[in-house]
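Worksheet: the structure to be examined is printed underneath.
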Amino acid sequence: MMHYTLRQLEVFLAVAVTENISRAAETLAMSQSAVSGSLSDLEGHFDIQLFDRLGKRIQLNEFGRALRPRAQSLLEQAKDLENAFRSHSDIGRLHIGATLTIGNYLAVELMARFMREQPGAQVSLHVANTAEIVHKVANFELDIALVEGELSHPDLEITQWLEDELVIFCAPNHPLAAKSRLNDDDLMKATWIVREAGSGTRQTFERGMHGLLSKIKIMLELQHTEAIKRAVEAGLGIGCISKVALQNAFDRGSLVPLTVAHRDFHRHFYFIVHKHKYRSEGIKKWLAICQKSNL
């Protein structure tokens with residue numbers, strides 16, 4: 001006989017994510033007293049404490065953190081079983097994360113393919129920079145994510161996906177557009193429009209510009225690649241973003257690539273998923289679509 005319920009696990013995990021009883025209650029469509037009671041019953045029955053209470057604040061203690069991945073996996077297996085009871089082909093809901101370049105230029109097409117192959121599947125997409133996406137996957141707020149930043153995290157499984165590279169570019173009427181090849185002196189004299197700190201693109205840019213970072217002039221740091229492209233088109237400076245985001249502009253002639261052969265801006269895109277995340281049918285099928293993609 002089980003001495004805890006799946007609802008108690010849902011309450012435990014909701015409070016773990018929000019670190020707030022009232023927000024957890026809103027998430028679960030329960031009253032605050034019902035959430036508090038469910039959590040107290042779970043802790044009281046096993047004579048344990050899962051959270052530290054500091055006034056109105058509540059946060060996971062070491063014991064709670066240790067149990068959280070197992071509770072998360074168990075609850076997800078229960079939901080997967082429920083889907084199987086309803087229909088053997090029912091994928092259910094999938095929460096996908098993507099960093100900005102992937103989210104804006106690749107993820108929507110992948111979602112369209114997934115939904116064509118899995119009719120009735122519910123998919124949500126959260127797009128943010130690498131630091132935020134990593135946090136949400138580590139916190140079980142996203143099922144799986146596609147990221148462009150090189151990273152290491154003790155709780156995440158990181159799998160190489162696609163090759164990519166950054167390209168330095170400018171407006172057609174920019175003085176550097178006429179040069180067949182740029183040297184470091186050109187890079188130091190230029191005015192730059194770049195991605196913000198915390199993004200995978202900025203990480204690769206800084207690696208590629210090693211030795212020059214303290215000497216270049218950064219005019220603007222922007223979160224969105226389209227904003228960077230518009231600023232460069234307006235003649236405010238030169239930029240460096242993924243070739244995936246630039247090909248259409250190069251084809252139109254509104255932007256031109258600059259050759260910097262002695263600097264390496266190659267990188268990879270990656271899948272990330274929590275090591276303790278239950279691999280549902282939805283996650284498996286999403287990975288299969290991404291892996292056979294030739295985007």
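The single condition among (1) part of a helix (DSSP H, G or I); (2) in contact with a helix residue (DSSP H, G or I) (Cβ under 8 Å, 6 or more places away or on another chain); (3) crowded, with 16+ Cβ neighbours inside 10 Å that Ser73 does not meet is (2).
Listed here are the residues, each with its yes/no results for (1) touching a residue at least 60 places away in the same chain (Cβ under 8 Å); (2) in contact with an Asp or Glu (Cβ under 7 Å, 6 or more places away or on another chain); (3) not acidic (Asp, Glu).
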position: Met115; (1), (2), (3): no, no, yes
position: Leu146; (1), (2), (3): yes, no, yes
position: Glu163; (1), (2), (3): yes, no, no
position: Ile168; (1), (2), (3): yes, no, yes
position: Leu187; (1), (2), (3): yes, no, yes
position: Trp192; (1), (2), (3): no, no, yes
position: Ser199; (1), (2), (3): yes, no, yes
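On the given criteria, is Glu132 closer than 18 Å to Gly200 by Cα, modelled with pLDDT of 90 or more and touching a Lys or Arg at 6+ places or on another chain (Cβ under 7 Å)? The answer is no for Glu132.
Against the definition (modelled with pLDDT of 95 or more and either on the phi > 0 side of the Ramachandran plot or crowded, with 16+ Cβ neighbours inside 10 Å (or both)), how does Leu146 come out, yes or no?
Judged against the criteria, Leu146 is a match.
Scanning region 33-41 turns up no residue that is farther than 17 Å from Lys277 by Cα, in contact with an Asp or Glu (Cβ under 6 Å, 6 or more places away or on another chain) and polar (S, T, N, Q). Being under 21 Å from Gly103 (Cβ atoms) and in the same structural domain as Ala249 (by TED's automatic domain parsing) is a condition met by at least one residue of region 169-188.
Tell me which residues, restricted to region 113-124, are buried (at least 18 other Cβ atoms within 10 Å of the Cβ) and touching a strand residue (DSSP E or B) at 6+ places or on another chain (Cβ under 7 Å). Within region 113-124, Phe114, Ala121, Val123 qualify.
Residues are listed down the side, and each one gets a yes or a no for (1) of a type in the set (Lys, Arg); (2) outside any strand (DSSP E or B); (3) touching a strand residue (DSSP E or B) at 6+ places or on another chain (Cβ under 6 Å):
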{"site": "Val244", "(1), (2), (3)": "no, yes, no"}
{"site": "Asn248", "(1), (2), (3)": "no, yes, no"}
{"site": "Ser254", "(1), (2), (3)": "no, yes, no"}
{"site": "Arg263", "(1), (2), (3)": "yes, yes, no"}
{"site": "Arg267", "(1), (2), (3)": "yes, no, yes"}
{"site": "Val273", "(1), (2), (3)": "no, no, yes"}
{"site": "His276", "(1), (2), (3)": "no, yes, no"}
{"site": "Ile283", "(1), (2), (3)": "no, yes, yes"}
{"site": "Ser293", "(1), (2), (3)": "no, yes, no"}
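Looking only at residues in region 216-251 that are closer than 24 Å to Glu163 by Cα and of a type in the set (D, E, K, R), the one that is surrounded by the most Cβ atoms within 10 Å (Cβ to Cβ) is Lys229. Restricting the first member to region 231-251 and to residues that are within 20 Å of Ala261 (Cβ to Cβ), and the second to residues that are among the acidic types (Asp, Glu), the beta-carbon pairs closer than 6 Å and six or more apart or on different chains are Ser242/Asp164; Lys243/Glu165.
Matching residues to (1) surrounded by 15 or more Cβ atoms within 10 Å (Cβ to Cβ); (2) among the aromatic types (Phe, Trp, Tyr); (3) at pLDDT below 95; (4) under 19 Å from Leu220 (Cβ atoms):
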site	(1), (2), (3), (4)
Pro154	no, no, yes, no
Leu162	yes, no, yes, no
Ile168	yes, no, no, yes
His174	yes, no, no, yes
Asp185	no, no, no, no
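Of the numbered criteria (1) in a helix (DSSP H, G or I); (2) farther than 22 Å from Gly103 by Cα; (3) not acidic (Asp, Glu), the one Ile218 fails is (1). Taking region 106-154 as the range and being part of a helix (DSSP H, G or I), within 19 Å of Ser280 (Cα to Cα) and of a type in the set (Val, Ile, Thr) as the test, only Val137 passes. Identify all residues within region 192-215 that are surrounded by 15 or more Cβ atoms within 10 Å (Cβ to Cβ) and either over 21 Å from Lys243 (Cβ atoms) or among the polar types (S, T, N, Q) (or both); write none if there are none. Of everything in region 192-215, those that are surrounded by 15 or more Cβ atoms within 10 Å (Cβ to Cβ) and either over 21 Å from Lys243 (Cβ atoms) or among the polar types (S, T, N, Q) (or both) turn out to be Gly198, Ser199, Thr201, Gln203, Thr204. Looking across Leu106, Leu110, Leu50, Leu81, one residue alone is under 28 Å from Thr5 (Cβ atoms) and crowded, with 18+ Cβ neighbours inside 10 Å. It is Leu50.
The values are calculated or read from the model by the stated rules, or taken from the named source; none is laboratory data. Fair warning: this is a prediction, and the values are worked out from it, not measured in the lab. Positions of Cβ are generated from backbone atoms using ideal geometry, with glycine treated the same way; all protein chains shown enter the neighbour counts.
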